[in-house]
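Asker: Would you mind keeping the following structure in view while I ask a few things?
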């Protein structure tokens with residue numbers, strides 16, 4: 001599982017979107033890229049060090065497009081925050097191609113939001129397609145740019 005104490009695999013881009021939050025996330029493969037993107041999203045909403053891994057959830061999503069799969073994954077994290085009041089500090093993803101579909105299997109660990117105990121950031125309302133990009137930098141390096149509506 002990814003830990004917030006490891007080297008961060010993302011960086012925030014303050015000059016990209018004025019009313020929103022933008023970031024780039026990196027990974028050596030698609031699984032690590034999804035983990036980095038997920039942790040960047042969660043870091044926007046909460047200090048990961050203030051969360052404990054009290055509850056584990058699994059999600060499985062599929063899509064014909066890797067880009068749309070990544071957007072769906074981020075939208076699912078926002079949905080879990082809104083519907084179940086869950087935030088996650090550990091994310092482990094495996095991305096595979098199955099026929100014509102890309103499939104992501106994720107294990108998420110975290111806990112329910114408690115404003116008295118968590119260092120909350122901004123509330124992410126949605127993931128936008130504005131300036132969204134997913135690129136292969138080399139045979140062992142991927143980058144994704146995301147803008148969040150806050």
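Nothing in this text is a laboratory measurement; each read-out follows from the coordinates by a stated rule. All figures in this text were calculated on a predicted structure; none of them were measured in a lab. FYI the Cβ positions are ideal-geometry reconstructions off the backbone, even for glycines, and counts take in every protein chain you see.
Asker: When the Kirkwood radius is taken over all Cα pairs of segment 10-149, what Stokes-Einstein diffusion coefficient follows at 10 °C and 1.306 mPa s, in µm²/s?
Answerer: On the way: Rh = 15.1 Å.
Approximately 105 µm²/s, per Stokes-Einstein.
Asker: Taking neighbour counts of Cβ atoms within 10 Å as a proxy for exposure, in what order, fewest first, do 72, 98, 62 appear?
Answerer: Going from sparsest to densest Cβ surroundings: 98, 62, 72.
Asker: Calculate the radius of gyration of the Cα atoms of segment 50-120 to one decimal place, then report Dmax, the largest Cα-Cα distance, as a whole number, both in Å.
Answerer: 13.5, 47
Asker: By how many nm would the segment from residue 120 to residue 83 lengthen if fully extended, with 0.36 nm per residue of separation less the alpha-carbon distance? Don't skip to the answer; put the middle values down first.
Answerer: On the way: separation 37, 0.36 × 37 = 13.32 nm, distance 1.71 nm.
Roughly 11.6 nm would be gained on extension.
Asker: Using the count of nearby Cβ atoms within 10 Å as a rough guide to exposure, how do 86, 45 rank from fewest to most? Could you put the intermediate results ahead of the total?
Answerer: Working: 86 19, 45 22.
With the fewest neighbours first, 86, 45 line up as 86, 45.
Asker: Right, another one. How far is it, in nm, from the label point at residue 62 to the one at residue 138 when both lie 7 Å from their Cα along the line to the Cβ?
Answerer: A separation of 3.4 nm, rounded to one decimal place.
Asker: Rounded to the nearest 500, what is the chain's calculated 222 nm mean residue ellipticity when only DSSP H runs of at least 4 contribute -39500 (n - 2.57) each, over all residues?
Answerer: Working: 2 runs with 35 residues, N = 150.
Computed ellipticity for the chain at 222 nm equals -8000 deg cm²/dmol.
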